[in-house]
Every structure is written in structure tokens, then in C-alpha cells.
Amino acid sequence: MGWFKAADDADEDPSLHVVSVRRTEDGKAAGAGFVLGADTVLTCAHVVNDALGRAMFEYRSPGPVVIRVQVSDASRSQLYLARVAHWIPPRARDDGAVREGDGEWLGDLAVLRVDGPAEGLPAAPDRVAMAVGQEVGAWHGGGRAASLARLTVVSLHGSRGYLDGEATGMAVGPGYSGGPLWCRHERAVVGLVVAHFMPPLDPATGARLAHSPQHLIRRSWGIPWQRVEAELRPLGLLDHLTPEALEPEDPAFVLLVEVIKDVLPSPNGRRDSAQRLARACGVGYGSDVTPPTPEEFAAFLLTHPRALAAFSGTLRRDSPAAADRLLAAGCLSRTPRLLSPQEYAQLRKHLRTMDRAVLGRFPEAVRAALPHLAALPGGDTLDALLDHLEALPGDGHSAGGERRVPALLRVMEYVGAMCPGPKRAQLRLWADGVAGRLSIARAALGERRLDAQEWARSARDRSARVRVLVQVTGAERRRHRLRIWCDEGAGPRQVSTASVVSYSASEAAREVLRVLDSLTPPAGDDRPPLLEVLVDRTSLNLPVDEWEARDPIVPGVLGVEFPLVVHCPELLRRHGRFLSHWRSRWGRLDSGKTFVVSEPMDRDMIYSRLVNQLDTVRVFVDVPPGPRDGIVQTCLALGIPVVVWDRGRDGASHVVKHMAEVATRELPDGVRSYRANAKASPPEFPGRPVLAWADADQSLPRLHLTEPQESA
């Protein structure tokens, strides 16, 4: 293992690899998991659902709720708080819902981000592929060594491995799910337990049948590590190098060896520095006398994600030039992270104590701080966003060879600008410390701080209103299926289930109004909620704004009572290269230009006119229905955030003429006013306006789309 090694090697007692996931209600073990990284634990999604008292196969991510996990090492067990960082829900083979009684399913993984010690959790076990014939062990989530169940891998079938238990000893049962399948021969985890097959029941009474030699006995199934790897690698969770994979000719490795030889020529000095670094990173070391070789030292800096940041802090005090060389070499590798273990732990602590309303606006701060960022990561959690930001380079503003301000620091300045004074001061002190370690000029960070203050002032002047999001999909005979979310400022929360129930237009309007009636408007905000209808590209002209509840006293027309806009994530995300254009245009919403299409244009002409006009923020389409729909779809796919057209007119549109006088940010209310006037006086207001509105400062829920896949 080299000079640096795991502080508490659990391989001799593999039950110590088991992490217990505790129920919120009674504190008992819902299941198990195992350490995946310095601050992450892997378990099954259904274990998390059970721990939180949710339905076992609930598809939706639980959001930022707290889960308790118990982690053990050779000396003690410790309870920590954790949250879901990445959610891969249980799903049927056809990607539908898993139902109670189903014996097998896909997905079912959850990566938990643990608020553990600054030096990290105990070392993660090695992982290798599952193979037929392996003899493995599994333990109950309670973590007791006596709960060992001995199993043999009897067959592999893609996403599942079947395991048969020995006739004596413990049998896999409730509480084993999510736990590691430990192969003693490989000295590694080969997968994780998912479920077990219980003896059959009497179909009439539900009681256990009397034992028969024909019954299936002690069979379980789990997810092979190779399948877990396929699910997690796209999330960037398995990108770190291992010492075995490190090439001696790797440029980063060669440069780091040179730095270490130059700055630590004395064996005693190298030993002392290595010991301090090992303690900071929560790992052990091989000797109190013999130092690591420069090659071992450099290999550790490139294989532990936070070691290089920690070591650069030590060098910054004693040898600033060497620290700069170290950081420059680290930029050549994907493994080193921006923050040291202590800096990362401090940031997590600040975020844990931050007001939830501020955390809900985190994506908005990211888009403001990084307006040219092409897209947010595929996950729907704050942890996934932080991981993504830590890997991004600095912004483009630097002079005279100065180090650029990293993306994460810039974002945290924008987040801090939304916080009350004490919390803002804490975040600034944290950012100052990181910037000092990185040798970032105070003036450079101060410039970003002033940008953030200016943005926060303007954001306060146009506070976000309450949103209700409705995904509408077609069903049989002009009926529709709905999924509904509310967003009061902390991000979308689903208030309806993804059911098979379909609605007529009138029934759908009644269901949406029921949700709207249940909302409590924020104090001091008299604006009606924004109704955002999520559709695919074939349903952009669906007259949802005209849906009427047909109440005997009040008609209840959706688009008359509420500012109703349509949003088409399918088109917006169709070509990722235009996402940065969309965000840039949205940032100029109050000052950008309008483009009016008053005569038919083909796709190529629209493309050439708009592709590089990033100051064009809205398009009015005033052409007949035939060519109109293609123009609208091209505009949305190019990242135009605001598009207006008249659903019903063949000639010159009264809608376009009327709406051209309305400020861009006021268009949702302007369109609602037009619809109300059209209801009262159709001859004076003959149009049927449609407003496509893609707000880059607001997050979307996870949607079930077929082309392409879309998530918040």
C-alpha cells in the first residue's frame, strides 16, 4: 500500500465496512451501506425511503432532508448526519414504477454526502467486479459482526447477481439491503445486497406454507459492482486515480516529484511534512522513522482528492513559490479538488446553518456568478452542484499572470451576498482564507465581491414570485395526465403523484385550481402565482390557458386568473451548446433586444439571424400557423428565453402589436391581462396569445422525458 495507508484497515474485520442507515422514527437500522469516498456512503435508494418513512419504492428524490448514518472504525462507532447527493431511484424494466410485491427491479442506488470529520470517514474498501463462484459475506445494517451471512454468487444477469446462502448460520433478511458484499478472497467489495426471496405464502390465508424441499431456500440478489460502476461513473464519482493506475510518465506526477525533491530535500523534513499531511487527510502512515520517497509522496497527492490542497496550504506559509509550482502541477490532473479537507468541512458547516430560502436560490446565484456556464450538472441536489463547481476552472478576469478566481469562490460570494450580515461575514472570511492559500490577489476577489453585492441589490428589487409547475402529457381521447409542483422559493416540491389518472380539460383545470387554492401567498406579495406549463414540442399550442373549471358560480379560466406561460425543456435541452446562449440572454432580459418575425422564414434563415445575437432576448412571431410552429421551435432550441405568438390568427396579429409595448419582465402579467380583456371583449382583443418563458434563474423538477433525458 506504500507509505500512506488507511488509518484503520477494516479488511481484517470486514464487518467494519458496514455503515448503518438509521430510521428517523425510531433510530433502528433501516438497512446498510458502505463508505464510497472521504465523505460519501453508498446504499440503496429503497433503504433511504424506509429510513425516512416513505413508500419503499418512492421514485422522487427526498431532497435536502437529514438522514442519520452510523460509521465504525476499529475503536468506536459514530453517528453522523447525511443528505442524498445522488439519487438513482428504483425502476421497473420498462422504466415505470416498482410496485409492492415485485421481486426484481433496476436502479435503486443512493449516494449520501456525510457531514463527517474534516479528515474524512474511514477508508473506503477496494471494489472489484462480481463473478460467478465468488464466496461473499453480508451483514445486517445494525453492524454486528455476528450477523454475518455467508453467500455464493450463483449467476449473473446484467444488473443483477443471484446469491445462495449456506444452510447454517444467518440468512439475509430485512435490514441487510444496501450493505456491501465482501469477498474475502478478493479482499474487496463485489456489489451490494438489494433483496431476498422469502418462502412462499398460502394464496388463500397469506400464512407461510409448511416447508417443502421444493421451496426456494436462502436466495438473495444484489447489484454487481460492475453495474454500480456503470451507474455512478457518469456522475463523476469514480474518476479518481488509484496508485496502480498512475503512470510514471504522467506530467503531473513528474512535476510533483521535482517539487517535493526541491522543497523537502531532507528525509526528516519530508517525514514530518508527510505525517502532518496524513493526519490532515485522515489516513495512516507507514513509519515514524523512515520518510516516504518523493515518488510515494507525489502519488498520494494525485490519488487523494484533497491532499494537494492541504499540502499547498503548508507550503504557502514556508515556500510560496513552491506552493505555486505545486498547484500548477495539480492542474494537469483530474483528481485533486480545489478545497483542502478543512476548507471543505467549513464550507459544509456554513451551508448546514444557512437559511433554507437562501439555499433554494443557490442555482440562481450560480447562473448569476457564472453567466456563460453551459449547464448545471445532471443531479438535483446541492451536493451535486458543489461537486461540479469545485471542478470548474477560474473565471477569465486576471492580469499580469495572477491566478484567476475559482468558480466556486465566485459563486459563494454571490450566495453570501444574499445572506444576513453575520453569515455573510463568515463566508467572506472562509473565501479570504481559500484565496490566500491559492495566492489570489485580494483586488481580484474584491471585484467579484462588488459584482455579487450589485447583483443581490438588483435581485431584491425583483424578488421571485410563487410558481406552480404543471407537466401536461397527452392521454387517450383528448384527455391529459398531470404532474404538479409548487415552488414558494425553496425549489419545486411535487404535490401530485405520477399517476395513470387522466383528466378532461375541465377536470384538469379544477385540479390545478385546487392546488393553487391551497397555497399561502407570501406576506406583502399580492401577485398571483406564476403558472408554468411544461410541455413537449408537439403541445406548444395546447390551449391550457383556456381550460375552464366550469364552476357554477365562478368560471375559473386558468389563463385569465393567473399569468400562464409555457416551457418546453425538450427543445431547450435539445442542443447543449446553446444552453450558455440561453443563460447569457436571460442575464440581459431587462436590456436585451426584440426580434419580430413578420414574414415566413425557413429554419436556416432564423438560425443565421439569431445564433450569435446574444443581445436578442425575445422574439415575436407574427406569421401564419403553417410556418409559425417551425420558427417558434427553432427559436426555443437556439436558447431564446422569451417567445410570443398568436395561436389562432392567420393575418397580422393583434397580440404581437399589443405585447410589443410591454416590458419583457412584465410579459407574463401582460399576457394574463390580454386574456382577461379577450374574455370580456373579444372584438377588441381578438388574439389567443402564447408566451414561451424559460427562466434561467429558476430550477426545474426532474421530468420524465423521452428525448433527450432532462433533469433539474
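If the condition is being acidic (Asp, Glu), modelled with pLDDT of 90 or more and open to solvent by 60 Å² or more (accessible area, probe 1.4 Å), then segment 553-596 contributes only Glu561. The residue list Gly556, Gly592 contains one member that is on the phi > 0 side of the Ramachandran plot and touching a residue at least 40 places away in the same chain (Cβ under 8 Å), which is Gly556. Just so you know, in segment 126-160 the residues that are hydroxyl-bearing (Ser, Thr, Tyr) and in contact with a Phe, Trp or Tyr (Cβ under 7 Å, 6 or more places away or on another chain) include one that is surrounded by the most Cβ atoms within 10 Å (Cβ to Cβ), and it is Ser147. When the residues of segment 408-450 are filtered to those that are under 17 Å from Glu364 (Cβ atoms) and not in a helix (DSSP H, G or I), the one that is most open to solvent (accessible area, probe 1.4 Å) is Met418.
Comparison of Val655, Val632 shows that the only residue that is of a type in the set (A, V, I, L, M), in a helix (DSSP H, G or I), without any contact (Cβ under 8 Å) to a residue 40 or more places away in the chain and open to solvent by less than 10 Å² (accessible area, probe 1.4 Å) is Val655. Across segment 635-650, the qualifying residues are those that are closer than 20 Å to Val544 by Cα and hydrophobic (A, V, I, L, M, F, W, C), and the one among them that is surrounded by the most Cβ atoms within 10 Å (Cβ to Cβ) is Trp645.
Among the residues of segment 276-288, those that are open to solvent by 20 Å² or more (accessible area, probe 1.4 Å) and farther than 20 Å from Lys261 by Cβ comprise Arg279, Ala280, Gly282, Val283, Asp288. The single condition from (1) at pLDDT 90 or above; (2) open to solvent by 30 Å² or more (accessible area, probe 1.4 Å); (3) under 20 Å from the mean Cα position of the chain (by Cα) that Gln346 fails is (3). Determine if segment 146-158 includes at least one residue that is assigned to a loop (DSSP other than H, G, I, E, B) and closer than 20 Å to Pro14 by Cβ. The answer is yes; a qualifying residue exists. Of all residues in segment 84-105, which are at pLDDT 85 or above and either buried (at least 20 other Cβ atoms within 10 Å of the Cβ) or part of a loop (DSSP other than H, G, I, E, B) (or both)? Correct list: Val84, Ala85, His86, Trp87, Pro89, Pro90, Trp105. Of all residues in segment 613-629, those satisfying the criterion of being more than 14 Å from Trp582 (Cα to Cα) and in contact with a helix residue (DSSP H, G or I) (Cβ under 6 Å, 6 or more places away or on another chain) are Phe620, Val621, Asp622. If you filter segment 668-696 down to residues that are in contact (Cβ under 8 Å) with a residue 60 or more places away in the chain, in a helix (DSSP H, G or I) and among the hydrophobic types (A, V, I, L, M, F, W, C), you find that the one that is nearest to Glu532 (Cα to Cα) is Val671. Regarding segment 253-271, can at least one residue be identified that is open to solvent by less than 60 Å² (accessible area, probe 1.4 Å), at pLDDT below 95 and touching a strand residue (DSSP E or B) at 6+ places or on another chain (Cβ under 8 Å)? No: segment 253-271 contains no residue that is open to solvent by less than 60 Å² (accessible area, probe 1.4 Å), at pLDDT below 95 and touching a strand residue (DSSP E or B) at 6+ places or on another chain (Cβ under 8 Å).
Residue-by-condition table, conditions (1) within 19 Å of Asp108 (Cβ to Cβ); (2) buried (at least 19 other Cβ atoms within 10 Å of the Cβ); (3) free of Cβ contacts under 8 Å to residues at least 12 places away in the same chain; (4) small (Gly, Ala, Ser):
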| position | (1), (2), (3), (4) |
| --- | --- |
| Phe4 | no, yes, no, no |
| Phe34 | yes, yes, no, no |
| Met56 | yes, no, no, no |
| Ser61 | yes, yes, no, yes |
| Val65 | yes, no, no, no |
| Arg68 | no, no, no, no |
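A single member of Val501, Val554, Val472 is in a strand (DSSP E or B) and among the hydrophobic types (A, V, I, L, M, F, W, C), and it is Val472.
The values are calculated or read from the model by the stated rules, or taken from the named source; none is laboratory data. If you're wondering where the values come from, they're calculated on a predicted model, not measured in any experiment. For neighbour counting, all protein chains shown are included, and Cβ atoms are generated from backbone atoms with ideal geometry for every residue, glycine included. Accessible surface is based on the protein model in full, side chains and every heavy atom, while ligands, DNA and RNA are left aside. Shrake-Rupley method; radii C 1.70, N 1.55, O 1.52, S 1.80 Å.
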